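Colleague: Handing you this structure, nothing more for now.
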Amino acid sequence: MNDLTGIACSSSSLCFAAGTSYLRGPDGYSAYQTLIDRWNGSSWSIVDSPNGASKENHLFRVSCASSTLCFAVGYEGPYVPNGHVLIERWDGGAWTIVSPPRIAGAQNSLLSDVQCFSSTLCFAIGQYLPSGAFVNLQGLIEQWDGRSWTVKPDVHEGVLDAVSCASAFLCFAFGVDYTYETGHEVQHSITERWDGSIWRVVASGLGDVRSEVLSASCANETLCFASGYTGYGQAPDSPMIEAWDGKSWRLVSAPQPSVPVSATRVDDQLVSVSCASGSFCLAVGWHRWSTPQTALSDTLVERWDGISWTIVRSPNGSPSPGSNNALMAVACPTKSRCMAIGHYDAPDGYFQVLAELWNGTSLSVVRSANR
C-alpha cells in the first residue's frame with residue numbers, strides 16, 4: 001500500500017509529497033515506512049527517506065521554505081502506547097531525521113501538519129497524551145527558529161490538525177476538543193492565532209457547527225481559507241470552508257455534489273486547500289456515498305475565483321465510481337500550476353498513489369511513483 005497525504009512545492013519544478021508505505025515482509029510481519037516522492041517539473045520519483053528504529057513510521061504533511069529547506073512531520077510508533085514525534089528535514093540534497101524536542105510528561109505524541117513561512121519560522125502542530133490516569137489529549141505546537149525545534153506553550157485539551165501562516169506575525173492553528181454530551185462524543189472546534197510572540201485561542205467562524213478543520217492556506221493577511229467538513233466524522237458529512245477577512249472567520253458556501261441516495265449516506269470532505277493568490281485557490285478531498293451493496297468514492301476538487309467556490313471536474317485513479325478515490329493534499333505554487341496527490345484502490349485492493357496536475361484550466365492524472 002502507498003498513500004501520500006501531504007505535498008509542498010517550493011516552485012513549479014520542485015515538489016515533495018510525503019506519506020507512508022505499508023510493506024509485508026517475507027516473514028509475514030507488516031511494517032509502515034516513510035514514503036517521499038519528488039516532482040521535478042515533468043515526472044515523479046521516489047527519493048530516499050529515513051525511518052526510525054520502530055516498525056511504524058508515518059509522515060502526514062510537508063512544507064518547504066525554499067528548495068534547500070523542507071520539513072516533513074508525523075510520528076514513529078506504534079502510537080499506542082509510546083509513539084513519538086517524527087521530523088525529517090530536506091537540505092537540498094537528502095532527507096534526514098531531526099531530533100525532536102522533548103515534551104515534558106508526554107506518554108506519546110505526533111505531529112499532524114507543518115507550515116514554513118520562512119527559513120527561520122516554521123510551526124508544526126499535533127497532539128500529545130500526558131502520562132497518568134484519566135488524562136485528555138493536549139494540543140502540541142513546535143516552532144523552528146532557523147536552528148532548532150522547540151515546544152511552545154499550548155495547554156488546551158484536544159488536538160490540532162492544521163496550521164497556516166500569512167506572515168511572521170499572523171498564523172492560525174485549528175483543531176478540536178472532544179466532550180461527551182448526552183452519552184455521545186461531540187467535537188468542538190478550536191482556532192488559535194499567532195501574533196508574533198504567543199499563541200492565543202480566538203473565535204472560530206464555525207460557532208456551534210459540529211465540524212473539523214483539516215487544512216488551511218493564507219493568500220495574504222486579509223484572505224485565508226480553512227477547509228474540512230461538518231458532521232460527526234461519519235456519514236453524513238458535508239464539505240466545509242471558512243474564510244478569514246483580516247478581522248474574523250466566517251463560514252462560506254462550499255458546493256456539494258449531488259447523488260441519487262439519501263443524504264444520510266453521503267460523506268464529503270475537503271481535506272486540503274492551497275491558495276496561489278487572492279483570486280485563486282484549490283481545495284481537494286473526496287465525495288463518498290454508499291448503497292446497500294457497497295461504498296463508492298470519487299475525487300472532489302473545488303476552486304476559488306475571488307468571488308465564490310465552484311466544483312471543478314477531477315479524474316479518478318480507479319474506474320468511476322470506484323470504491324476508494326480520494327485526494328489528500330494540494331499545493332499551488334502558481335494559479336496555472338498545482339499538484340494534488342492522494343490514492344485509489346488498485347486491482348489488488350491496496351492503495352496506490354494518485355497524482356493530478358492543474359494546468360490553469362483543468363486537472364489531469366500524471367504518472368506517479370509507488371513503492
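Colleague: Filter region 10-59 down to residues that are charged (D, E, K, R) and more than 17 Å from VAL366 (Cβ to Cβ) and give me whichever is modelled with the lowest pLDDT. Write out each step before concluding.
Modeller: To start, the set of residues in region 10-59 that are charged (D, E, K, R) comprises 24, 27, 37-38, 48, 55-56.
Of the ones still in play, those that are also more than 17 Å from VAL366 (Cβ to Cβ) are 24, 27, 48, 55-56.
Details: ARG24: 72, ASP27: 54, ASP48: 96, LYS55: 80, GLU56: 90.
So, considering only residues that are charged (D, E, K, R) and more than 17 Å from VAL366 (Cβ to Cβ), the one modelled with the lowest pLDDT is ASP27.
Colleague: Oh, and also: So which residues in region 354-364 are surrounded by fewer than 16 Cβ atoms within 10 Å (Cβ to Cβ) and touching a residue at least 40 places away in the same chain (Cβ under 8 Å)?
Modeller: Quick first cut of region 354-364, residues surrounded by fewer than 16 Cβ atoms within 10 Å (Cβ to Cβ) only: 357, 359-362, 364.
Scanning region 354-364 gives SER362, SER364.
Colleague: Could you please tell me which pairs satisfy a Cβ distance under 6 Å, a separation of 6+ or placement on different chains, a first residue in region 90-110 that is over 15 Å from SER67 (Cα atoms), and a second residue that is of a type outside the set (S, T, N, Q) and part of a loop (DSSP other than H, G, I, E, B)?
Modeller: Pairs that qualify, where the first residue is over 15 Å from SER67 (Cα atoms) and the partner is of a type outside the set (S, T, N, Q) and part of a loop (DSSP other than H, G, I, E, B), are ILE97/PRO50; ASN108/GLY83; SER109/ILE103.
Yes/no per residue for (1) part of a loop (DSSP other than H, G, I, E, B); (2) more than 24 Å from MET240 (Cα to Cα); (3) of a type in the set (Ser, Thr, Tyr); (4) modelled with pLDDT under 95:
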{"residue": "ALA283", "(1), (2), (3), (4)": "no, no, no, no"}
{"residue": "VAL301", "(1), (2), (3), (4)": "no, no, no, no"}
{"residue": "GLY306", "(1), (2), (3), (4)": "yes, no, no, no"}
{"residue": "SER320", "(1), (2), (3), (4)": "yes, no, yes, yes"}
{"residue": "ASN324", "(1), (2), (3), (4)": "yes, no, no, yes"}
{"residue": "LEU327", "(1), (2), (3), (4)": "no, no, no, no"}
{"residue": "TYR344", "(1), (2), (3), (4)": "no, no, yes, yes"}
{"residue": "GLY349", "(1), (2), (3), (4)": "yes, yes, no, yes"}
{"residue": "VAL353", "(1), (2), (3), (4)": "no, yes, no, yes"}
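Colleague: Within region 107-154, work out how many residues are over 14 Å from PHE174 (Cα atoms) and out of contact with any Ser or Thr (no Cβ under 9 Å at 6 or more places or on another chain).
Modeller: Residues meeting the conditions: 17.
Colleague: Name the single residue that is farthest from HIS343 (Cα to Cα) among those in region 299-324 being out of contact with any Asp or Glu (no Cβ under 9 Å at 6 or more places or on another chain) and crowded, with 22+ Cβ neighbours inside 10 Å.
Modeller: At the first step, the residues of region 299-324 found to be out of contact with any Asp or Glu (no Cβ under 9 Å at 6 or more places or on another chain) are 302-308, 313, 319.
Add one more test, that the residue is crowded, with 22+ Cβ neighbours inside 10 Å, and what stays is 302, 304.
Details: GLU302: 18, TRP304: 24 Å.
That would be TRP304.
Colleague: Right, another one. Consider region 355-371. How many of its residues are at pLDDT 95 or above and farther than 16 Å from SER12 by Cβ?
Modeller: Qualifying residue count for the region: 2.
Colleague: What single numbered condition from (1) at pLDDT 95 or above; (2) over 25 Å from ALA168 (Cβ atoms); (3) assigned to a loop (DSSP other than H, G, I, E, B) fails to hold for ALA104?
Modeller: Condition not satisfied by ALA104: (1).
Colleague: Within region 333-353, how many residues are surrounded by 24 or more Cβ atoms within 10 Å (Cβ to Cβ) and more than 17 Å from SER368 (Cα to Cα)?
Modeller: Residues that pass the stated criteria total 0.
Colleague: Condition first: closer than 17 Å to SER99 by Cα and assigned to a strand (DSSP E or B). Now tell me which residues in region 129-154 satisfy that. It would help to see each step written out before you state the result.
Modeller: So in region 129-154, the residues closer than 17 Å to SER99 by Cα come out as 140-152.
The answer is LEU140, ILE141, GLU142, GLN143, TRP144, TRP149, THR150, VAL151, LYS152.
Colleague: Only residues that are under 17 Å from ALA166 (Cα atoms), in contact with a strand residue (DSSP E or B) (Cβ under 6 Å, 6 or more places away or on another chain) and not hydroxyl-bearing (Ser, Thr, Tyr): list them for region 221-248, please.
Modeller: Narrowing region 221-248 to residues under 17 Å from ALA166 (Cα atoms): 221-227, 242-248.
Then drop every residue that is not in contact with a strand residue (DSSP E or B) (Cβ under 6 Å, 6 or more places away or on another chain), which leaves 221, 224-227, 242-244.
Hits for region 221-248 are GLU221, CYS224, PHE225, ALA226, GLU242, ALA243, TRP244.
Colleague: Pick from region 177-196 the residues that are more than 17 Å from ARG250 (Cα to Cα) and modelled with pLDDT of 90 or more: which of them is surrounded by the most Cβ atoms within 10 Å (Cβ to Cβ)?
Modeller: TRP194
Colleague: While we're looking at this one, here's another question. It is to be established whether one or more residues within region 222-233 are surrounded by fewer than 16 Cβ atoms within 10 Å (Cβ to Cβ) and farther than 27 Å from GLN187 by Cβ.
Modeller: Yes, that holds for at least one residue.
Colleague: Being of a type in the set (Ser, Thr, Tyr) and out of contact with any Leu (no Cβ under 8 Å at 6 or more places or on another chain) is the filter; apply it to region 78-107 and report the residue that is surrounded by the most Cβ atoms within 10 Å (Cβ to Cβ). Steps first, answer last, please.
Modeller: Initial filter on region 78-107 (of a type in the set (Ser, Thr, Tyr)): 79, 96, 99.
Now narrow it down to the ones that are out of contact with any Leu (no Cβ under 8 Å at 6 or more places or on another chain): 96, 99.
On the way: THR96: 13, SER99: 9.
Among those that are of a type in the set (Ser, Thr, Tyr) and out of contact with any Leu (no Cβ under 8 Å at 6 or more places or on another chain), it is THR96.
The values are calculated or read from the model by the stated rules, or taken from the named source; none is laboratory data. It should be emphasised that the depicted structure is a prediction, and the values quoted were computed from it without experimental measurement. Glycine gets a Cβ as well: all are built from the backbone with ideal geometry, and neighbour counts include every protein chain shown.
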